[in-house]
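The values are calculated or read from the model by the stated rules, or taken from the named source; none is laboratory data. Since we're looking at a predicted model, the values are computed, not measured. Here the Cβ positions follow ideal geometry from the backbone for every residue, glycine too, while neighbour counts run over all protein chains shown. The protein model used for the area step is the full one, side chains on, heavy atoms only, and it has no ligands, DNA or RNA in it. Shrake-Rupley method; radii C 1.70, N 1.55, O 1.52, S 1.80 Å.
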Amino acid sequence: MKILVCISNVPDTTAKISFSGDNTQFNTTGVQYILNPYDEIALARAIELTENGKGTVTVIHVGDINSEPTIRKALAIGADDAVRVNSAPRDAYFVSSQIAHYAKEKGFDLILTGRESIDYNGSQIAAMLGELLNIPSISIVKKIDIDGSKANVVREIEGGKEILNVSLPFVASCAEGVAEPKIPNMRGIMSARTKTLDVIEAVSVDELVKFTSYSVPAPRGSVTMLLDNEVEKLVNLLHTEAKVI
Amino acid sequence: MSVLVYVENAGGKFKKSTFEVVSYAAAVSKQLNTDLIAISIGNVEQSDLSNIGNYGAKKILNVSNDQLKTFVNQAYASIIAEAAKKESASVVILSNSFTGKGLSPRVAVKLGAGLVDAAVELPKIENNVFTVKRTAFSGKAFATVELTSAIKVIALNPNSYQINESNDVAVVENFAPELNDSDFGTMVSEIVRASDKIALPDAELVVSAGRGMKGPENWAMIEELAKTLGAATACSKPISDAGWRPHEEHVGQTGIAVSPNLYIAIGISGAIQHLAGVSSSKTIVVINKDPEAPFFKVADYGIVGDAFDVVPKLIDAVKAYKAHS
Ligand SMILES: Cc1cc2nc3c(=O)[nH]c(=O)nc-3n(C[C@H](O)[C@H](O)[C@H](O)COP(=O)(O)OP(=O)(O)OC[C@H]3O[C@@H](n4cnc5c(N)ncnc54)[C@H](O)[C@@H]3O)c2cc1C
Ligand SMILES: Nc1ncnc2c1ncn2[C@@H]1O[C@H](COP(=O)(O)O)[C@@H](O)[C@H]1O
């Protein structure tokens, strides 16, 4: 089985988010970049599904050379090889078009993404890829079991879950529950340096959306502190002041 | 020209997020001076269909067919795209629900349209420039996105637009677009719903608890407080990691982002990753025994105290309040 895992390079979860240049640019000064946490889960499941010679895992990333440490990390965790599309990831349609272009004739049985990237939070890539490749896509997946050419997939819905049957190939965006993230071991880190990382150039894609500016949420007003026996007062304030109950 | 809105149902019934998205779409159609058309797929009763008019749709296209009773991503996307073409829609609007997340990107690609998802406000349309504000960086920021394509797709975040109701009704029109076998790549074999509980992403009130609760055996009081308030329950990441609570309750940067009217955090420290998923809640109450807990910095109301003492008292106070109101 050949699996493709799409990985993104995102600001560390503790990063302070600020913008510069008239709020048009994300301020990357002092920001650590990491492998998107959901992509780690997707990668972990891909590795489980191909263990013991049952297949290969390729990771693909659309981004510039600065993302290479993240790609190497994915290789250290256990991906077999990697591809980088050498271009800034302009928007979700651009990124999915690049991945679809690469994947088209490669015969992947399964394409995994994270549920969303923690910077742009689009959750768009998996379904766009499915559409571009004309194969099924399942978003916000909590479980993937494969049996031959068929799969049993659980996806999240409001207040529950849906269990689906689907034939390979398909695309799934992975959420918590699909697998536990894997930590690279020493052997993985050593071998990651010699694994193949192909760099390919981007194809041109129509621009349909443009990120024009950013803002941060307005700070909250000050907190009203109550004593631990003032629960009636709290209930009263929630009713009369906050008007939420 | 028109605006098209997809009205999602769960088991044949429309949901709150559906009424939000129709109200939002009605406002967009006003901005553009055009009619709002809705499209429903699945088996929904006629009266529920025409009631979509209450929220501003003039007409509702009804695609009812047993093969489409449960969600089929590709088929639904094809139908919505066909409806958009038939109605010459310039804007297509969906909810950014779990289902919407799988659907809106496919609809956008089919229509060659730009997509803004996680939208939180009405578009701004000035001098032919069409921009929409969306959340970004896991709720730590907002991004303004310009849609430059002729057809535009917007996926609206749940709980971010006020429902507007009137007495108008919509004309129901049956619609039966042609589908291909390849549209049926996925088949739902089972739907499991925790029916007695309020779904977290839809919830207006949320009671959430963290490691301060010490162990899963102490969740009875959290459940009781939630039940008394009519709230959904949630938890911090270590709680679902430890298996004390199911994954679908985990909120935060790597869990679900919620924006309820009220978020009560009990025994949660307020780590930045947790706050990312809850900071857009309208009102935040924090109960924590540590006065230095970072959560107090983003709270509206705070109680420094032991949860094991405060929560039972709070349950009684809410019960007393409910008895009187
Ligand atoms: C990549 C990454 C992603 C993450 N994503 C998330 C995420 O999405 N969501 C998330 O929640 N976390 C996330 N985390 C974890 C996060 O950093 C924190 O570790 C976590 O939120 C802490 O959970 P907690 O507040 O329940 O526990 P703690 O930090 O241990 O806090 C427990 C709190 O309970 C209080 N307390 C103790 N006893 C009592 C009592 N009797 N009465 C009242 N209060 C009491 C304590 O004062 C303390 O403030 C992530 C971490 C990483 C590295
Ligand atoms: N630049 C990128 N290169 C490769 N894959 C990506 C990139 N950005 C996002 N993805 C994948 O798409 C998923 C969803 O991202 P998003 O649509 O941005 O929320 C991520 O979890 C990744 O799996």
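Using a 10 Å cut-off on Cβ to Cβ distances, tally the other chain neighbours for every residue of B:72-78 and report the average as a whole number. Don't skip to the answer; put the middle values down first.
Values: counts 2, 10, 7, 0, 0, 4, 0.
Average neighbour count from other chains, rounded to a whole number: 3.
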Extension gain from residue B:126 to residue B:13, taking 0.36 nm per residue of separation minus the Cα-Cα distance: 37.0 nm
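Report, as an integer, the average count of C-beta atoms from other chains found within 10 Å of each Cβ along B:253-259. List each step's numbers first, then the result.
Values: counts 5, 12, 3, 4, 2, 0, 0.
Shielding by partners across B:253-259 averages 4.
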Using the Cα atoms as the points, what is the convex hull volume per residue of segment B:2-183 in Å³? 106 Å³
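Based on alpha-carbon positions alone, could you give the equivalent ellipsoid semi-axes of segment B:138-201 from the gyration tensor, as √(5λ), descending, whole Å? Before the final figure, lay out the partial values.
Values: eigenvalues 149, 116, 92 Å².
Largest first, segment B:138-201 gives 27, 24, 21 Å.
Assuming a ≥ b ≥ c are the square roots of the Cα gyration tensor eigenvalues, decide whether segment B:200-324 counts as rounded (a/c under 1.5), prolate (otherwise, with a/b larger than b/c) or oblate.
Values: a/c = 1.26, a/b = 1.24, b/c = 1.01.
Since a/c stays below 1.5, the shape of segment B:200-324 is classed as rounded.
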Over segment A:2-215, give the accessible area per residue in Å² for a 1.4 Å probe, as an integer. 41 Å²
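Ignoring ligands, DNA and RNA, please state the percent of accessible area on segment A:2-215 from carbon and sulfur, probe 1.4 Å. Display every interim value, and only then the final one.
Values: 4210 of 8760 Å².
C and S fraction of accessible area: 48 percent.
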Going Cα to Cα from residue B:85, which lysines come in below 17 Å? Please leave out same-chain ones fewer than 8 positions away. B:59, B:110, B:152
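Stretched out fully, how many nm does the piece from residue A:165 to residue A:212 gain, at 0.36 nm a residue minus the Cα gap?
Values: separation 47, 0.36 × 47 = 16.92 nm, distance 4.05 nm.
Roughly 12.9 nm would be gained on extension.
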Within straight-line cross-link reach of residue B:319, lysines at Cα separation under 22 Å, skipping those fewer than 8 residues along the same chain: A:233, A:243, B:197, B:227
Quick one: of the DSSP bridges fully inside segment B:200-324, what percent are antiparallel, nearest 5? 0 percent
Given Cβ point charges of +1 (Lys, Arg) and -1 (Asp, Glu) and nothing else, what value in debye, to the nearest 20, does the dipole of segment A:43-160 about its Cα centre take? 60 debye
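Please give the per residue accessible area of segment B:200-324, computed with a probe of 1.4 Å over protein heavy atoms only, in Å².
Values: 4560 Å² over 125 residues.
In whole numbers, segment B:200-324 has 36 Å² accessible per residue.
With +1 on the Cβ of every Lys and Arg and -1 on the Cβ of every Asp and Glu, and nothing else charged, how large is the dipole of the protein assembly as shown about its Cα centre, in debye rounded to the nearest 20?
Values: 54 positive and 65 negative charges, 96 e Å.
That gives a dipole near 460 debye.
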Is it possible to state the helix-based mean residue ellipticity at 222 nm for chain A, with each DSSP H run of 4+ residues giving -39500 (n - 2.57), the sum divided by total residues, to the nearest 500 deg cm²/dmol? What is it? -7500 deg cm²/dmol
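Probe radius 1.4 Å, ligands and nucleic acids left out: can you give me the accessible area buried at the A-B interface, summed over both chains, in Å² to the nearest hundred? Mind showing how you got there, number by number?
Numbers: alone 14320 and 15870 Å², together 23150 Å².
Approximately 7000 Å², summed over both chains.
What average number of partner chain Cβ atoms lie no more than 10 Å from the Cβ of the residues making up A:172-183?
Details: counts 0, 2, 0, 7, 10, 5, 1, 0, 1, 0, 0, 0.
Counting Cβ atoms of other protein chains within 10 Å of each residue's Cβ and averaging gives 2.
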Counting only pairs 8 or more residues apart or on different chains, how many lysine pairs in segment A:85-163 have their Cα atoms under 23 Å apart? 6
Got the relative contact order for chain A handy, in percent, Cα pairs under 8 Å and 6 or more residues apart? 24 percent
Model label zone, residue A:134; criterion: amide N under 20 Å from point 7 Å along Cα-to-beta-carbon; scope segment A:82-107: A:96-107
Ignoring everything except DSSP H segments at least 4 long, calculate the 222 nm mean residue ellipticity for chain B; use -39,500 (n - 2.57) per segment, divide by total residues, nearest 500. -8500 deg cm²/dmol
Probe 1.4 Å, all protein chains in place: accessible area of residue A:1 in Å², nearest 10? 60 Å²
Per its Cα gyration tensor (rounded if a/c is under 1.5, else prolate when a/b beats b/c, else oblate), segment A:108-165 is best filed as oblate
Among B:222, B:179, B:266, flag the residue with its Cα farthest along the positive direction of the charge dipole of chain B, charges on Cβ as +1 for Lys/Arg and -1 for Asp/Glu. B:266
Show me the ranking of peptides B:22-33, B:183-194 by mean Cβ neighbours inside 10 Å, starting with the highest. B:22-33, B:183-194
Who wins for biggest fluctuation among A:229, A:36, A:121 in a Gaussian network model of chain A, springs between alpha carbons below 10 Å? A:229
Along the charge dipole of chain B, Cβ charges K/R +1 and D/E -1, which of B:64, B:301, B:252 sits furthest on the positive end? B:301
Using a Gaussian network for chain B with springs between C-alpha atoms less than 10 Å apart, which of these wobbles most: B:55, B:76, B:301? B:301
Please work out the C-alpha center-to-center distance from segment B:133-202 to segment A:63-111 and express it in whole Å. 28 Å
What residue among A:218, A:172, A:127 has the largest mean-square fluctuation in a Gaussian network model of chain A, using Cα springs under 10 Å? A:218
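Please report the antiparallel percentage of the DSSP beta bridges confined to segment A:2-215, to the nearest 5. The partial results should precede the final answer.
Working: 19 of 45 bridges.
Percent antiparallel among DSSP bridges in segment A:2-215 is about 40.
Over segment B:137-286, with every protein chain in place, what whole percent of the accessible area is carbon and sulfur at 1.4 Å, could you tell me? Before the final figure, lay out each step's value.
Values: 3100 of 6260 Å².
Carbon and sulfur together cover 50 percent of it.
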Suppose each label sits 7 Å from its Cα in the direction of the beta carbon; what would the residue B:1-residue B:164 distance come out to in nanometres? 1.8 nm
Tell me the relative contact order for segment A:18-89 as a rounded percent, counting alpha carbon contacts under 8 Å between residues six or more apart. 30 percent
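Kindly report the accessible area of segment B:2-183 per residue (heavy atoms of protein chains, probe 1.4 Å, no ligands, DNA or RNA), in Å².
Numbers: 6500 Å² over 182 residues.
Value returned for segment B:2-183: 36 Å² of accessible area per residue.
Indicate the helices, whole DSSP H runs only, in chain B that combine a mean Kyte-Doolittle hydropathy of 1.6 or more with a Cα extent along their long axis of 18 angstrom or more. Display every interim value, and only then the final one.
Working: long enough: B:16-31 (23 Å, 0.10); B:73-86 (20 Å, -0.17); B:98-111 (21 Å, 0.31); B:307-324 (25 Å, 0.34).
Once both thresholds are applied, nothing remains.
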Sequence-distant lysines (8 or more away, or on other chains) whose Cα lies within less than 21 Å of residue A:73: A:2, A:182, A:195
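Rounding to the nearest 20 debye, state how big the charge dipole of segment B:123-275 is about its Cα centre with +1 on each Lys and Arg Cβ and -1 on each Asp and Glu Cβ. Walk me through the intermediate numbers first.
On the way: 12 positive and 18 negative charges, 180 e Å.
That gives segment B:123-275 a dipole magnitude of about 860 debye.
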Area accessible to solvent at residue B:48, 1.4 Å probe radius, in Å²: 40 Å²
Given charges at Cβ of Lys, Arg, Asp, Glu: segment A:2-215 dipole, positive-most of A:189, A:35, A:174: A:189
